[in-house]
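The structure under discussion appears below in the form of C-alpha cells.
The values are calculated or read from the model by the stated rules, or taken from the named source; none is laboratory data. Everything numeric in this text was worked out from a predicted model, so none of it was measured. Because the Cβ atoms are built from the backbone with ideal geometry, glycine has one as well, and the counts that use them run over all protein chains shown. Ligands, DNA and RNA are excluded from the accessible area calculation, which covers all protein heavy atoms including side chains. Shrake-Rupley method; radii C 1.70, N 1.55, O 1.52, S 1.80 Å.
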There are 2 protein chains.
Amino acid sequence: MDFSSKLLENAVQEISQLPGIGKRTALRLALHLLKQPTEQTLSLSQALIELREGVVFCSKCHNLSDTLLCEICASPKRDHRLVCVVEDIRDVMAIENTGQFNGVYHVLGGIISPMDGIGPQDLTIQSLLDKVKQEEISEIIFALSATMEADTTNFYIFKLLSPLGVQTSTIARGIPIGDDLEFTDEVTLGRSILARIPFESSISKS
Amino acid sequence: MDFSSKLLENAVQEISQLPGIGKRTALRLALHLLKQPTEQTLSLSQALIELREGVVFCSKCHNLSDTLLCEICASPKRDHRLVCVVEDIRDVMAIENTGQFNGVYHVLGGIISPMDGIGPQDLTIQSLLDKVKQEEISEIIFALSATMEADTTNFYIFKLLSPLGVQTSTIARGIPIGDDLEFTDEVTLGRSILARIPFESSISKS
C-alpha cells in the first residue's frame, strides 16, 4: 500500500502486528480513530500502556492481577482448600461468570503441547505441587478443555499429584444443557452413557 | 465479563470501542499484548498517539498528510491541471497503486448520503469549486464508486461545475478485466454494451 502519510503508515504497521488483523483492517481502524475525538486515541493508548506495565501475575494462582495477590486469592470468603486448575485467565472468567464455584484457582498458563514447543516446565505445575505440599488442600478440580492436549496435561499432573494423597476430580463431560440428543456427536453421547449418574443427584445439582 | 484486573478490564473496554471489535476479540488482543515484549505495546501506543496528533489534512486536496501540503500536491512531477475527485483516502491509495494516474486528487471526505445525515456541506465540494475557479484546471475526473449515493454526489457536483466550463469525465464502468461474461450482472453487462468503445482505443489503453 502506498500511504500519503508516514505517521499513518507507521500506525497501520503497528496495528497489523496484532493477531487476526491485516493491513486493510488496520487501515480501517486507524482511519476510524482519526475521525473520532483525540481523547479516544489517547485513552486507548494510555489503557494499553497501563495494562502492559501495571498488570502482574498473582503470586499464588498465577492469574492476571493488579496486585501481588489477586482478588480471589485475597478474599477470606473463598474456600482456599478447593483449588480449580485451569488453562488460562479466560477460563477463570468463564467459571466466575457461572457463579457456581467458591474455591480458588490455579492458572497453568497453557497446556502441554509438544507441537507448539510447550513442555511441563513452561507451565506452573511445580507451583501447584508446592501448593499441595505446603497448604491444606482438600480437593484439586481439573477444569481443562476436552481436547487431547488438555487430557494429556490432566493426566501428567494427576500422576504427579497421586503420591501426595490429595483428592482430585475433573469437571463433568456430557451433553450440554439445552442440546438436542440427535445432534450430539457420538463420542460425547457414548461417554455420557458410560458416565451416567443416579437420577436423584442430577436433580439436586440443577 | 468478570475481570480479575481493573487494568485489563479498562484496556478491553477501550479496545472494544473500535469498529468490528467486540469484547471477546478485545480480550484476545489484550492477552496477546501481555504475552509480547513491553516494547510492542509501547510502540503501538506511541504510533497511535503520533498518528492522532500529527496527521493533518492537506490544505489543497484534503488527503491525509504529515505536512500542510501532501506529497502528491507538492510534487512538481505531477500534472496539477488534472484533478481526480475521490471519496476518501483509501481511494487515493487504490488509484496510486495502479500507477496509471499522474494528476492530483481532491478528496471529498465522503459522499452525499441523507440516510447517514451527510449533506453537501459536510464534504469538500466548495473547496473543489474554488479550486476550479482560481486555478488552471483542464479536466475533473470523477472516480467515485458505482453506487446510487455516489452517482447522486457525482451528479450534484457536475451540476455545480457545468457553469464553470471545465471539462469533466468519469472513470469507465464495465466488465472487470479477467471476469467471465456469464457471471457478470445484467446491469453492468447491459451498460457495457450501451457504452461500447471503438476496438482500436481499447487496445491502445491496455
For chain B, take the longest principal axis of its alpha carbons; what is the angle in degrees between that and the long axis of helix B:148-161, to the nearest 10 within 0 to 90? 50 degrees
Taking one equal scatterer on every alpha-carbon of the stretch B:6-54, how large is log10 of I(q)/I(0) by Debye at q = 0.19, 0.23, 0.25, 0.31 1/Å? -0.67, -0.92, -1.02, -1.13
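Quick check: with the 1.4 Å probe, what order do A:Tyr105, A:Tyr156 take by accessible area, largest first?
Descending order: A:Tyr156, A:Tyr105.
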Hey, if you put +1 on the Cβ of every Lys and Arg and -1 on every Asp and Glu Cβ in the stretch B:1-125, which of B:Leu48, B:Ala30, B:Val107 ends up farthest toward the positive end of that dipole? B:Ala30
Considering only A:Asn10, A:Ile140, A:Thr153, whose Cα is most displaced toward the positive end of the charge dipole of chain A, charges sitting on Cβ of Lys, Arg (+1) and Asp, Glu (-1)? A:Asn10
When Cβ neighbours within 10 Å are restricted to other protein chains, what is their mean count per residue of peptide A:11-22? 5
Please compute, for the alpha-carbon atoms of the protein assembly as shown, the extent along each of the three principal axes and give them in descending order in Å. 92, 48, 39
Expected field for A:Ser75, accessible surface area in Å² at 1.4 Å probe radius, rounded to 10, holds 30 Å²
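Suppose every Lys and Arg Cβ carries +1 and every Asp and Glu Cβ carries -1, with no other charges. What dipole size does the stretch B:123-206 come out with about its Cα centre, to the nearest 20 debye?
On the way: 7 positive and 12 negative charges, 67 e Å.
That gives a dipole near 320 debye.
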Once you charge only the Cβ atoms, +1 for Lys and Arg and -1 for Asp and Glu, what is the size of the charge dipole of the stretch A:6-54 about its Cα centre, to the nearest 20 debye? 320 debye
So, over other residues within a Cβ distance under 14 Å of B:Leu144, counting Lys, Arg +1 and Asp, Glu -1, the net charge is -3
Between A:Val187, A:Val85, A:Val55, where does the largest GNM mean-square fluctuation fall for chain A, given springs only between Cα atoms within less than 10 Å? A:Val187
Assign one of three labels to the stretch A:148-196, namely rounded, prolate or oblate, based on the Cα gyration tensor with a ≥ b ≥ c the square roots of its eigenvalues; rounded applies when a/c is under 1.5, prolate when it is not and a/b is larger than b/c, and oblate otherwise. prolate
Can you tell me the relative contact order of the stretch B:1-97? Whole percent, Cα pairs under 8 Å, sequence separation 6 or more. 11 percent
Magnitude of the Cβ-charge dipole (Lys and Arg +1, Asp and Glu -1) of chain B about the Cα centre, nearest 20 debye, reported as 180 debye
Shielding of A:191-200 by other chains, given as the mean Cβ count within 10 Å, works out to 0
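Compute the whole-percent fraction of alpha carbon pairs in the stretch A:84-206 spaced more than 17 Å apart.
Distances greater than 17 Å cover 64 percent of the Cα pairs.
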B:Ile125, B:Ile197, reordered so the largest accessible area comes first (probe 1.4 Å): B:Ile197, B:Ile125
Could you state the angle between the C-alpha long axis of helix A:89-98 and the longest principal axis of the C-alpha atoms of chain A, as a value from 0 to 90 degrees rounded to the nearest 10? 60 degrees
Over the stretch A:78-171, what is the relative contact order in whole percent, taking alpha-carbon pairs under 8 Å and six or more residues apart? 32 percent
DSSP bridge orientation in the stretch B:76-171 - percent antiparallel, rounded to nearest 5: 5 percent
Between helix A:6-15 and chain A, what is the angle of the helix's C-alpha long axis to the longest principal axis, kept within 0 to 90° and rounded to the nearest 10? 10 degrees
For A:Glu39, tell me the accessible area in Å² from a 1.4 Å probe, rounded to the nearest 10. 130 Å²
Whole-number percent relative contact order across chain A, with pairs defined as alpha carbons under 8 Å at least 6 apart: 12 percent
With all pairs of different alpha carbon atoms counted, what Kirkwood hydrodynamic radius in Å does chain A show? 20.7 Å
Which of B:Thr153, B:Thr170 is most accessible, then next, and so on - probe 1.4 Å: B:Thr170, B:Thr153
Rounded to the nearest 500 deg cm²/dmol, what is the calculated helix-only ellipticity per residue at 222 nm for the protein assembly as shown, with -39500 (n - 2.57) per DSSP H run of length n ≥ 4? -13500 deg cm²/dmol
Considering only protein heavy atoms, what is the solvent-accessible area of A:Glu96 at a probe of 1.4 Å, reported in Å² to the nearest 10? 30 Å²
Return the single residue from B:Leu128, B:Leu160, B:Leu68 with maximal mean-square fluctuation; model: Gaussian network over chain B, springs between Cα atoms under 10 Å. B:Leu160
